[in-house]
1. Could you grab me the full set of residues in the range 50-96 that are in contact with a strand residue (DSSP E or B) (Cβ under 7 Å, 6 or more places away or on another chain) and either basic (Lys, Arg) or not assigned by the TED database to the domain that holds GLY16 (or both)?
2. In the range 71-91, what count of residues is obtained for those that are small (Gly, Ala, Ser) and in a helix (DSSP H, G or I)?
3. Kindly establish whether ASP274 is of a type outside the set (Val, Ile, Thr), modelled with pLDDT of 70 or more, in the same structural domain as LYS320 (by the TED database) and open to solvent by 10 Å² or more (accessible area, probe 1.4 Å).
4. Name the residues in the range 277-304 that are among the polar types (S, T, N, Q) and open to solvent by 40 Å² or more (accessible area, probe 1.4 Å), would you?
5. Quick test of your reading of the structure: LYS222 fulfils all but one of (1) closer than 30 Å to ARG388 by Cβ; (2) modelled with pLDDT of 80 or more; (3) open to solvent by 50 Å² or more (accessible area, probe 1.4 Å). Name the failing condition by number.
6. Out of the residues in the range 341-370 that are hydroxyl-bearing (Ser, Thr, Tyr) and assigned to a loop (DSSP other than H, G, I, E, B), state the one that is modelled with the lowest pLDDT.
7. Got a sec? Which helices (runs of 4 or more DSSP H) wholly within the range 94-167 have at least 1 residues that are touching a Lys or Arg at 6+ places or on another chain (Cβ under 8 Å), farther than 27 Å from LEU183 by Cα and modelled with pLDDT under 85?
Amino acid sequence: MLEKKDHQYEKAVLVGLITQNQDETKLIEYMDELEFLALTAGATIETRFTQKLTQPDPKTFIGSGKAQEIRDYVKSNGIGTVIFDDELSPSQLKNLGKEMVDVKILDRTNLILDIFAQRAQTSYARTQVELAQYQYLLPRLSKMWSHLDKQKGGIGMRGPGETEIETDRRIIRDRITLLKEKLKTIDRQMATQRQNRGKMVRVALVGYTNVGKSTLMNAISKSDVFAENKLFATLDTTVRKVVIGNLPFLLTDTVGFIRKLPTQLVESFKSTLDEVREADLLIHVVDIAHESFEDHINSVNQTLMEINAHQKPMIMVFNKIDAFAYEKKEEDDLTPETRKNISLEEWKKTWMSNSKYPTVFISALTKENFPEMKKLIYDEVLKIHTARFPYNDFLFEYHDDEAEEIESED
């Protein structure tokens with residue numbers, strides 16, 4: 001009987017650029033995220049390579065000297081994968097392939113697509129990911145197979161002279177057309193499902209990936225949505241009926257956003273994002289414990305703007321206060337204060353106190369401040385509900401079931 005082997009992680013290195021638009025601090029932050037992406041995909045990172053350029057080299061992205069340095073390192077250390085923090089053009093991918101023979105070269109987009117392919121559970125999600133992969137692959141075919149630059153020949157192969165790469169491109173274009181038609185059919189079905197959900201208020205959880213949306217979904221709806229401390233744990237949209245204070249509404253958990261989100265994914269996940277676009281209220285979940293949470297907020301807001309959902313009513317939920325930590329400065333420390341020296345109470349007094357959106361600080365894990373959050377959601381849902389049905393607002397009187405349960409236990 002064969003012994004079951006543990007999952008084998010690929011050895012990889014990361015590559016990033018310091019440019020006029022991306023300083024070293026920002027690069028380190030992006031590379032940390034890229035390493036988390038690589039870990040999620042199944043790789044262990046041996047080292048990182050950085051290069052300082054005014055702008056990416058059009059031929060190799062990093063310059064020929066740095067490319068040779070990376071080639072020598074991966075060859076001598078038996079590393080088979082090199083991951084770049086930005087999307088590589090077809091020509092850059094081709095030139096790097098010539099420089100680093102027998103090495104798998106991935107860019108950020110390819111890595112995210114691979115994670116999505118691993119995480120897709122339903123037929124719908126798999127179709128969306130497959131479409132995004134083909135759209136990414138089409139302009140990069142010349143690097144994918146070594147036989148593609150050879151003319152077909154031999155008995156039965158004499159024809160109009162179409163090369164193999166042209167044949168493969170045509171096959172992929174046909175496949176893309178087929179997948180788009182399939183998604184259109186599913187989109188129509190899902191649009192019908194949304195119409196059949198009655199007149200209940202629709203609330204959608206949005207936020208950066210891995211901020212705790214699924215954990216929050218489970219806590220509010222008392223359901224069992226898959227949640228894990230990895231990027232893109234949730235791809236498939238989950239809708240649950242929730243009742244707070246006798247007021248019912250529909251709560252949707254959606255795919256997390258990320259910086260430099262591949263355009264192919266935004267397009268192929270259009271119907272998933274329709275759940276956000278057609279929601280009456282958005283709950284923007286933020287990981288307050290992450291040092292770059294403000295950048296995450298901006299990235300989510302940018303994506304919401306791209307799908308025309310940025311003007312909807314919104315609640316800001318700052319999650320993971322149980323994991324928030326800061327370094328208190330000593331009184332005689334005269335060095336400039338950094339973000340690490342700002343306490344949670346001090347954060348609350350900054351722009352958050354002047355936010356145009358209702359704001360609450362919680363822990364989805366420990367349920368700290370949950371009654372406050374639920375009352376906030378109730379108030380916002382009730383506003384929308386009574387505007388839509390002004391004749392039956394008296395039916396819904398707020399009461400907190402969890403608070404009553406705690407009192408009865410005491």
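1. LYS52, LYS66 - these are the residues of the range 50-96 that are in contact with a strand residue (DSSP E or B) (Cβ under 7 Å, 6 or more places away or on another chain) and either basic (Lys, Arg) or not assigned by the TED database to the domain that holds GLY16 (or both).
2. Selection size over the range 71-91: 2.
3. Working: of a type outside the set (Val, Ile, Thr): yes; modelled with pLDDT of 70 or more: yes; in the same structural domain as LYS320 (by the TED database): yes; open to solvent by 10 Å² or more (accessible area, probe 1.4 Å): yes.
Yes.
4. ASN298, ASN301, GLN302, listed by residue number.
5. Unmet condition: (2).
6. To start, the set of residues in the range 341-370 that are hydroxyl-bearing (Ser, Thr, Tyr) comprises 343, 350, 353, 355, 357, 359, 363, 366.
Filter again for assigned to a loop (DSSP other than H, G, I, E, B), leaving 343, 350, 355, 357, 366.
Working: SER343: 83, THR350: 87, SER355: 86, TYR357: 93, THR366: 90.
Residue satisfying both the conditions and the ranking: SER343.
7. Details: elements: 108-119, 123-137, 141-144.
In the range 94-167, 141-144 are the helices (runs of 4 or more DSSP H) which contain 1 or more residues that are touching a Lys or Arg at 6+ places or on another chain (Cβ under 8 Å), farther than 27 Å from LEU183 by Cα and modelled with pLDDT under 85.
This table checks each residue for (1) outside the structural domain of GLU87 (by the TED database); (2) in a strand (DSSP E or B); (3) within 21 Å of ILE112 (Cβ to Cβ).
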{"site": "ILE18", "(1), (2), (3)": "no, yes, no"}
{"site": "GLU29", "(1), (2), (3)": "no, no, yes"}
{"site": "LEU37", "(1), (2), (3)": "no, no, yes"}
{"site": "THR44", "(1), (2), (3)": "no, yes, yes"}
{"site": "ARG48", "(1), (2), (3)": "no, yes, yes"}
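The values are calculated or read from the model by the stated rules, or taken from the named source; none is laboratory data. These figures come from a predicted structure and were not determined experimentally. Ideal geometry is used to build each Cβ from the backbone, glycine not excepted, and the neighbour counts take in all protein chains shown. When the accessible area is computed, the model is the full protein with side chains, heavy atoms only, and any ligands, DNA or RNA have been set aside. Shrake-Rupley method; radii C 1.70, N 1.55, O 1.52, S 1.80 Å.
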